[in-house]
Amino acid sequence: MQAIQFIRSILFAGLMYGAMGVMGVIYFFLTLIDRDYAYTAVSHYTAVVRFLARWVIGLKSEIRGDVPTDEVLICSKHQSFFDIILIVSAVPRPKFIMKKQLVYAPVLGYFAKAIGCIPVDRGKRGAAVKQMMADVASGASRPGQLIIFPQGTRVAAGAKKPYKIGSGVIYTESGQRCIPAATNVGVFWKKNGITKYPGTAVLEFLPAIEPGLPIETFQAVLEETVEKNSDRLMREAGFDPDSYEGD
């Protein structure tokens with residue numbers, strides 16, 4: 001059974017990246033006519049990936065909570081590529097704070113820039129956040145739902161990693177509501193490895209954290225909210241986050 005799931009996972013990966021290439025070419029030309037086709041592109045692509053995940057590897061997916069459609073900061077747990085897929089499939093105008101290196105990735109980099117993603121040099125994160133806030137203030141950044149992963153990277157299901165200050169700075173400086181988001185996708189789509197597992201991956205938007213909290217209070221509330229609810233979703237999926245023993 002494990003061997004069959006491995007083969008299915010390889011097939012899924014081939015179809016997923018193949019779809020990225022084909023759709024990337026088609027929508028590239030459309031974005032030359034109207035840049036907003038980039039949002040259509042990422043919406044359609046994420047729908048295709050969710051469809052393929054369900055029918056090729058048996059990984060169903062579900063969005064819970066009130067989907068934000070206004071200009072907000074979304075601070076999400078990040079366990080694998082699939083939580084990115086779920087968020088982007090749900091919100092109308094997503095944009096990410098992302099690793100600077102991804103700008104140079106074929107297809108992905110082009111469409112990331114087209115929807116207004118903000119590249120961050122991990123070695124110069126403080127300067128990057130300041131530049132981002134300057135872009136927002138000047139109108140250079142496109143309006144939409146700004147998505148940030150407060151831990152700064154993918155974190156395996158059950159692993160613990162501190163929350164970085166960047167999300168707190170953006171929350172404080174922007175004056176926007178923050179929508180925490182929890183997930184259990186890492187139970188089925190591991191941080192490392194090829195094999196993907198059947199089940200139901202959930203991305204849940206949680207009640208908003210209203211603007212105006214001191215940064216230390218915001219950081220504490222955000223971490224408690226996201227971690228507690230992600231643990232709940234992982235347990236719902238049959239995984240005990242307290243059992244994590246390392247990659």
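The values are calculated or read from the model by the stated rules, or taken from the named source; none is laboratory data. These numbers were taken from a predicted model, which means no experiment stands behind them. Glycine also receives a Cβ, built like all others from the backbone with ideal geometry; neighbour counts cover every protein chain displayed. Side chains are part of the model used for accessible areas, which takes the heavy atoms of the whole protein and leaves out ligands, DNA and RNA. Shrake-Rupley method; radii C 1.70, N 1.55, O 1.52, S 1.80 Å.
Miscellaneous remarks
- Hydrophobic long helices, here whole DSSP H runs in the chain with Kyte-Doolittle means of at least -0.5 and Cα atoms spread over 24 Å or more along the helix axis, are found at 2-33, 37-56.
- Across the accessible surface of the chain, with the other protein chains kept in place and a 1.4 Å probe, carbon and sulfur atoms take up 59 percent.
- What the Cβ-Cβ distance of V221 and A105 gives, at R0 = 35 Å and to the nearest 0.05, is a FRET efficiency of 0.55.
- Given charges at Cβ of Lys, Arg, Asp, Glu: the chain dipole, positive-most of V202, Q5, S230: Q5
- Peptides ranked, highest mean first, by Cβ atoms within 10 Å: ranges 14-22, 178-186, 232-240: 178-186, 232-240, 14-22
- Under 5 Å from the amide H of R64 lie the amide H atoms of L203, E204, F205, each residue being 5 or more positions distant or on a separate chain, with H modelled from the backbone and absent for Pro and chain starts.
- Summarising the label geometry, the points placed 7 Å from Cα in the beta-carbon direction at L32 and D70 lie 3.9 nm from one another.
- Charged side chains reduced to their Cβ positions (Lys and Arg at +1, Asp and Glu at -1) give the chain a dipole of some 740 debye around its Cα centre.
- Probing with 1.4 Å while keeping every protein chain in the model, the per residue accessible area of the chain equals 48 Å².
- Hits among lysines - C-alpha to C-alpha of K99 under 26 Å, sequence gap 8 or more where chains match: K77, K113, K124, K130, K160, K161, K164, K190, K191, K196
- Its Cα gyration tensor gives the chain an equivalent ellipsoid. The semi-axes, each the square root of 5 times an eigenvalue, are 27, 24, 15 Å from largest down.
- Dipole of the chain computed with +1 at Lys/Arg Cβ and -1 at Asp/Glu Cβ about the Cα centre; of G144, V120, L108, farthest Cα towards the positive end is L108.
- The modelled label-to-label distance between T200 and T153, using points 7 Å beyond Cα along the C-beta direction, is 3.3 nm.
- Relative to the compact-globule estimate of 2.2 N^0.38 Å, the Cα radius of gyration of region 34-107 comes out at 1.16.
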